[in-house]
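First up is the structure itself, then whatever we jot down about it.
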Amino acid sequence: MHHDSASDIVTLHRGTAPLLVSLPHDGSAIPPELASRMTPEARRAPDTDWHVSRLYAFARELGASVLVPKYSRYVVDLNRPEDDTSLYPGQNTTGLCPAVRFTGEPVYLEGQVPSADEVAARVERYWRPYHQALAAEIARLKADHGRMVLWEGHSIRGSDLPFLFEDRLPDLNLGTAAGASCSPALQQRLESVLGAQTDYDWVANGRFKGGHITRHYGRPAEGVEAVQLEISQRNYMDEDSFQYDDAKAERLQRVLRMLLEAALVAPR
């Protein structure tokens, strides 16, 4: 079995501003030996946060650091705790090494779901390098600036996923662990940007309140503020073909840029 170097598993662009954009579900690669155990539908990695690194490419111009994984959440979900406790108790969700897709259909062929030992091995090989890079970059930016903001960039199909949520998901879903992962001042700045624009409907701490990364790393009292933005994919791509839509994306990027600029405002 060939072992990737950490740099193949995660790519870090180091910026100079106190902002780190983490895109834990941007990866869509599935190693061939795993893909062969999956259903044909799952091999397409349909539950990828498609094109979020392209959508957030402009963040580098703002001086942000950007962290991107190579592999699909079907290999291991980087936004789940390594002990796999549910992030949304009582609601349908998908786990650390998901056995079901967002539709509720199986990821694996009969008898191919990973064992506890395999899950543990995947955590070491694919999950740990992302989190080591994330923690190290947070520490570096905090040391340089005294404080920093971790921006968790996510996207999801915004409709026809009754397994996860009813009806239609709002365009923009801000999650701050119900206010625990960032300062009230930052949440207010972000909400005023969202409230001032009229292109997209939005909600704060609705169905998506921020996943493991937002909850675990957000320590506002210690100068590390974390925010998750879950975007409905209809706003920048075709949800069925997974095709990127430049015109839609550019319109959305105007709002995303304002949000990231608001995240960069130093506290008074």
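The values are calculated or read from the model by the stated rules, or taken from the named source; none is laboratory data. The model shown is predicted, which means the values in this text are computed figures rather than measured ones. Virtual Cβ from ideal backbone geometry, glycine too; neighbours counted across all protein chains shown. Protein only, heavy atoms only, side chains kept; ligands, DNA and RNA dropped before computing areas. Shrake-Rupley method; radii C 1.70, N 1.55, O 1.52, S 1.80 Å.
Worth pointing out:
- Among the trypsin sites (Lys or Arg not before Pro) found in the range 149-249, those both in a DSSP coil and sparsely packed, with 13 or fewer other Cβ atoms within 10 Å of their Cβ, are R168.
- Among E250, E41, E110, the largest mean-square fluctuation in a Gaussian network model of the chain, built with springs joining Cα atoms closer than 10 Å, belongs to E110.
- The chain - percent of accessible surface contributed by carbon and sulfur, probe 1.4 Å: 52 percent
- Computed [θ] at 222 nm, helices only, for the chain once each DSSP H run of length n ≥ 4 contributes -39500 (n - 2.57): -8000 deg cm²/dmol
- Computed extension length for A178-S159: 4.5 nm, one decimal, from 0.36 nm per residue of separation with the Cα-Cα distance subtracted.
- Surface analysis of the chain yields an accessible area of 43 Å² per residue, using protein heavy atoms and a 1.4 Å probe.
- Partner lysines for K142 [C-alpha distance under 28 Å; skip if fewer than 8 residues away on the same chain]: K70, K209
- Assuming charge only on the beta carbon of Lys and Arg (+1) and of Asp and Glu (-1), the dipole of the chain about its Cα centre is about 780 debye to the nearest 20.
- Partners for K248 among aspartates and glutamates (Cα-Cα distance below 12 Å; same-chain residues under 8 apart left out): D199, D238
- Dipole check for the range 196-268: with +1 at the C-beta of Lys and Arg, -1 at the C-beta of Asp and Glu, and the Cα centre as origin, the magnitude is about 420 Debye.
- Positive-pole candidate from L20, H51, T214, dipole of the chain, charges at beta carbon: L20
- Structural descriptor for the range 25-75: relative contact order 62 percent, calculated from alpha carbon pairs under 8 angstrom and at least 6 residues apart.
- Part-to-part distance (alpha-carbon centres) for the range 100-120 and the range 202-261, which is given in Å: 27 Å
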